[in-house]
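Structure record follows, encoded as C-alpha cells.
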Amino acid sequence: MGKKNDIASYALELAESTAAAQGVYIVDVEYDSGVLCYYIDKENGVGIDECEAFSRAVEPILDKENIIDGEYSLDVSSPGVDRKLKKEREFLYYLGREVEVKLYAASDGAKEFDGVLRDYHDKTAVIGTDNGDIMVPLKEAAYIRLKFIF
C-alpha cells in the first residue's frame, strides 16, 4: 500500500468492527517509519489489558490484508493525558468533555482558557465558557486537549 495516510485510513477501516466488539473507540490511527499506532479509548479510559486485547484481535486482520509492505511494529495505546486533539473523529468523540485551550495569539484578552467542547465543524471547535461560546479555528490553537482533573 502507498502513502502513510492511506495506510492509517485503511487500518482504521479494518479495525472499526473489532473496536466496537471490544467496547472501545479508535480515537486515531497513525503510521510512520514502520510503526502503526492505534489510539483507543472508552468512557472510563483504557488500560494495558484493553490495549493488549485490541492488539491481539486486530493483528491477524492486518496480517491477512497485508496493508504494509515489509515488517512493521503494531502499537496500541491510550490517547494520553497531554494529547492534542487533532482530527475530526477525536473532537466528535469527546463532545461534552472539558478541554484546555491555548491559542497562538490572545483572543478577547485570553491566550489560555478552559471550557466544554460543545461542537466541531469546518476545522473549528466551539468551546463553551462562563462568558459564552468561543469559536476556535484549529489553525489558531497551539493546542486543544482534554482537561484531566486529578
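Values computed for the structure shown
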quantity: Within straight-line cross-link reach of residue 102, lysines at Cα separation under 19 Å, skipping those fewer than 8 residues along the same chain; calculated: 84, 86, 87, 111, 123, 139, 147
quantity: Most mobile of 139, 86, 102 in a GNM of the chain (Cα contacts under 10 Å); calculated: 139
quantity: Answer label for Rg/Rh (Cα atoms, Kirkwood Rh) (calculated), chosen among (1) 1.16; (2) 0.96; (3) 1.03; calculated: (3)
quantity: Degrees, to the nearest 10: 48-65 long Cα axis against longest axis of the chain; calculated: 50 degrees
quantity: Whole-Å distance, taken between Cα centres, linking the range 12-35 and the range 116-134; calculated: 27 Å
quantity: Pairwise Cα inverse-distance average, inverted: Kirkwood Rh of the range 84-145 (Å); calculated: 11.3 Å
quantity: Solvent-accessible area per residue for the range 51-150 (1.4 angstrom probe, square angstrom); calculated: 62 Å²
quantity: Only Lys, Arg (+1) and Asp, Glu (-1) charged, at Cβ; the range 1-88 dipole about Cα centre in debye; calculated: 220 debye
quantity: The range 102-150 - percent of accessible surface contributed by carbon and sulfur, probe 1.4 Å; calculated: 47 percent
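The values are calculated or read from the model by the stated rules, or taken from the named source; none is laboratory data. Here the structure is a predicted model, which means the values were calculated and not measured. Virtual Cβ from ideal backbone geometry, glycine too; neighbours counted across all protein chains shown. These accessible areas exclude ligands, DNA and RNA; they are computed on the full protein's heavy atoms, side chains included. Shrake-Rupley method; radii C 1.70, N 1.55, O 1.52, S 1.80 Å.
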